[in-house]
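Enquirer: Submitted below is the structure of interest, expressed as structure tokens.
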Amino acid sequence: MFRIGIRREDKTDQERRAPLAPHHVRQLIKDNVVEIYVERAEQRVYSHDEYENAGAKVVDDLPECDLIMGVKEIPVSRLHAGKPHLFFSHTIKGQEYNMPLLQSILDQNCTLMDYEVVTDEQNRRLVFFGVQAGQAGMLNSLWSLGQRYQNLGIETPFKHLRQAKTYPSLDEAREAVSAVGEMIRREGLPKQITPFICGITGYGKVSQGAQEIYDLLKPETVHPEELSKMRDGTLFSSANRVYKTVFKEEHFVKRIDNTEPFNLQEYFSTPELYTSSFAQHFPYLNCLINAIYWDDRYPRLITWEDLTTILEKNYPLAVVGDITCDIDGSIQFTVEATEPNNPVYVINPDSRKPQYGFEGDGIQMMTVDILPTAIPRDSTNAFGDMLVPFIPGLAKTDFTLPFDKLNCPPEFKRAIIAHQGKLTPEFTGLEEFLKK
């Protein structure tokens, strides 16, 4: 019988997710697909008893398994030499901080599969926490708004919201946001922050999750081209409702030479031809939720210089919820990834150092990089639902075969970054990052 080990998450003691929930384990064992070992972890959202009752063996240390499965990165000291591992490795962009991990995987002749590149033939991701990241990110950002405004002496209904991790369930958090929306419609928002406009970048799973939560406030949707009309009074706005605008690529970048209109395929293939045009929207946003994919080929959305402009001109932007959390990335002043027990900081372009909490001069930043763990049951359940259909195929895989002979489900074969201590053909470009 193929043996799967579910490892203890130890990147941070606040990580409460697992790749499979007990009901997934029960289904797989009932169908005689695998044996499952679960490493003890007191902080995990599901208890040891729940896994044992589902048929798993709960152990202090994982035995020799045919596949080691987790959520976040595995410490180098806890790799199982020569074995396949499945987790979010955060290596495919050549992330400097995880190159030692990738090198150790190669040195120990391991196989690494990464959920981030489990895709179908159209390159669509199949196993992800994106929706949950968006949900938790928006919850935390709305909570941050209430606290930041209160610190600035502005009383709003947002002050009644709590941090995402404090709600027993996502349903209870949804009820709280809906209640705040009712208060806004009944009592209105203070004049100095109206019209209240939240901008959301992107339209993928993360953005969809964020919008789902924000939509509980029953906002009116405004097209990016209409934002200026909201502020100058040309377009009617009300203090008794909130507004939402969603930015696609065409709304935040433009051709450098201005000779051609925006072309999405050209932007993806030759992003060096483009520069940010997002500054045109700065005067209108109270809150910005960043939910776009970004790497260093693309122009930044907002720079340090832009932040100086925003503060000097006293624009209404109070909170940036950077769900993508790329350090020094699309939001250049995302300077640190935070954890749920210390989730926010204020940043300004003079010191460029985070001041944790809600006090200080600058912009409030919410940059938690493990957002889905704030809603761990919902996250684990949804993730396992996506993962379970592939496990019978993985259980039939002989990982001792050479890469070109692997009988692995194609969706997961595309996700193999390293096999038996060597980078696979699609990921040989990581050699340059390893050398550095």
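The values are calculated or read from the model by the stated rules, or taken from the named source; none is laboratory data. These figures come from a predicted structure and were not determined experimentally. Note that each Cβ is placed from the backbone with ideal geometry, even for glycine, and that neighbours are counted across all protein chains shown.
Enquirer: Considering only the range 340-353, I want to know if a residue exists there that is surrounded by fewer than 18 Cβ atoms within 10 Å (Cβ to Cβ), part of a helix (DSSP H, G or I) and of a type outside the set (S, T, N, Q).
Expert: The answer is no; no qualifying residue exists.
Enquirer: Name the residue, out of Asn140, Asn98, Asn123, that is part of a loop (DSSP other than H, G, I, E, B) and farther than 22 Å from Tyr37 by Cβ.
Expert: Selected residue: Asn123, the only one of Asn140, Asn98, Asn123 that is part of a loop (DSSP other than H, G, I, E, B) and farther than 22 Å from Tyr37 by Cβ.
Enquirer: Filter the range 54-95 down to residues that are in contact with a helix residue (DSSP H, G or I) (Cβ under 7 Å, 6 or more places away or on another chain) and not hydrophobic (A, V, I, L, M, F, W, C) and give me whichever is nearest to Asp114 (Cα to Cα).
Expert: Ser89
Enquirer: Could you check Asp31 against (1) surrounded by 16 or more Cβ atoms within 10 Å (Cβ to Cβ); (2) over 29 Å from the mean Cα position of the chain (by Cα) and say which number it fails?
Expert: (1)
Enquirer: Kindly provide the set of residues from the range 33-52 that are free of Cβ contacts under 8 Å to residues at least 12 places away in the same chain and small (Gly, Ala, Ser), ordered by number.
Expert: If the condition is that a residue be free of Cβ contacts under 8 Å to residues at least 12 places away in the same chain and small (Gly, Ala, Ser), then Ser47 is the only one that fits.
Enquirer: Only one residue in Thr324, Thr259, Thr275, Thr245 is outside any helix (DSSP H, G or I) and either free of Cβ contacts under 8 Å to residues at least 12 places away in the same chain or not assigned by TED's automatic domain parsing to the domain that holds Thr201 (or both), so which one is that?
Expert: Thr259
Okay, residues lined up against (1) within 26 Å of His90 (Cα to Cα); (2) at pLDDT below 95; (3) not β-branched (Val, Ile, Thr):
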{"position": "Tyr243", "(1), (2), (3)": "no, no, yes"}
{"position": "Asn258", "(1), (2), (3)": "no, yes, yes"}
{"position": "Pro261", "(1), (2), (3)": "no, yes, yes"}
{"position": "Tyr267", "(1), (2), (3)": "yes, no, yes"}
{"position": "Pro271", "(1), (2), (3)": "yes, no, yes"}
{"position": "Asp296", "(1), (2), (3)": "yes, yes, yes"}
{"position": "Pro299", "(1), (2), (3)": "yes, no, yes"}
{"position": "Asp326", "(1), (2), (3)": "yes, yes, yes"}
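Enquirer: Could you list all residues from the range 278-297 that are touching a residue at least 40 places away in the same chain (Cβ under 8 Å) and surrounded by 14 or more Cβ atoms within 10 Å (Cβ to Cβ)?
Expert: His281, Pro283, Tyr284, Leu285, Asn286, Cys287, Leu288, Ile289, Asn290, Ala291, Ile292
Enquirer: Identify, by number, the condition in (1) over 14 Å from Lys244 (Cβ atoms); (2) touching a His at 6+ places or on another chain (Cβ under 9 Å) that Thr166 doesn't meet.
Expert: (2)
Enquirer: When you scan the range 389-436 for helices (runs of 4 or more DSSP H) that lie fully inside it, which ones turn up with 1 or more residues that are out of contact with any helix residue (DSSP H, G or I) (no Cβ under 7 Å at 6 or more places or on another chain) and modelled with pLDDT under 95?
Expert: In the range 389-436, 430-435 are the helices (runs of 4 or more DSSP H) which contain 1 or more residues that are out of contact with any helix residue (DSSP H, G or I) (no Cβ under 7 Å at 6 or more places or on another chain) and modelled with pLDDT under 95.
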